[in-house]
Structures are given as structure tokens and as C-alpha cells.
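Structure first, then comments.
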């Protein structure tokens, strides 16, 4: 488990979510982009919360280890999506040629 500090709030999330969120935030900033990520977390009072984090060039985010014994919240889907988007930013797909369609009028002229 890790404390993620964002916007003067500290949230407790699983290691994998925290370890993906920080580099994703950095990669978005590098590409002058932004995104929102919703994570299941525990707030400062230990309550279950859904936290939506806005990531962009101005994001100040810190992930810090903790020795909490409570079970990690499930963020498998959020981690999967962040990793998928990180891959797309890091290795964009190659450009593909567009299919060229010959207008009917040109076909009649046998060009």
C-alpha cells in the first residue's frame, strides 16, 4: 500500500496503482496532455472512497510507502487502462495509408 498525495489530500491505494499513476502522470506532462483517472482508495479516516485525479502538466503528485495491513483496494481496471494509454503515448501506431476510392464518374471514363 502507498499514500498518494494529490491536491493536499493523502489517499491510500495499492502499490500497483500508485506505481502506475506516478509515471503515467509524468508521461502525460511530457506529451503536453492530460487525463482523469478514478481510483478506489481509502481516505485519511480509513473510509472507502472513489477518487478522480486530474493529471496534466501542473500535477503535483507523490507516492509514499506505508506499512498498512488493510487490504489493497481493487484498481486492476484503472491500472490496465493507464498502462494501455502509456503504451499508446510511448509507441504510437504507425500511420496507415487510407483506402482510395475512385469516384463512379472516373470509372466510367476508364482513366
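Quick one: 1, 82, 62, fewest Cβ neighbours within 10 Å first, how do they rank?
62, 1, 82
Run lengths n ≥ 4 of DSSP H only: what is the helix-derived mean residue ellipticity at 222 nm for the chain, with -39500 (n - 2.57) per run over all residues, to the nearest 500?
My calculation for the chain gives -10500 deg cm²/dmol from helical runs alone.
Measure off 7 Å from each Cα along the Cα-to-Cβ vector at residue 101 and residue 57, then give the distance between these two points in nanometres to one decimal.
Label at residue 101, label at residue 57, 3.9 nm between them.
In nanometres, what is the gap between the two model label sites at residue 31 and residue 69, each 7 Å from Cα along Cα-to-Cβ?
About 4.2 nm, to one decimal.
Taking a temperature of 25 °C and a viscosity of 0.890 mPa s, what whole-number D in µm²/s does Stokes-Einstein yield for the stretch 1-109 with Rh from Kirkwood over alpha carbon pairs?
Answer, rounded: 154 µm²/s.
Only the coordinates and a few stated rules stand behind these numbers; no lab work does. A quick note: this is a predicted structure, and the numbers were derived from the prediction, not measured. Every residue, glycine as well, gets a Cβ built from its backbone with ideal geometry; the counts of neighbours run over all protein chains shown.
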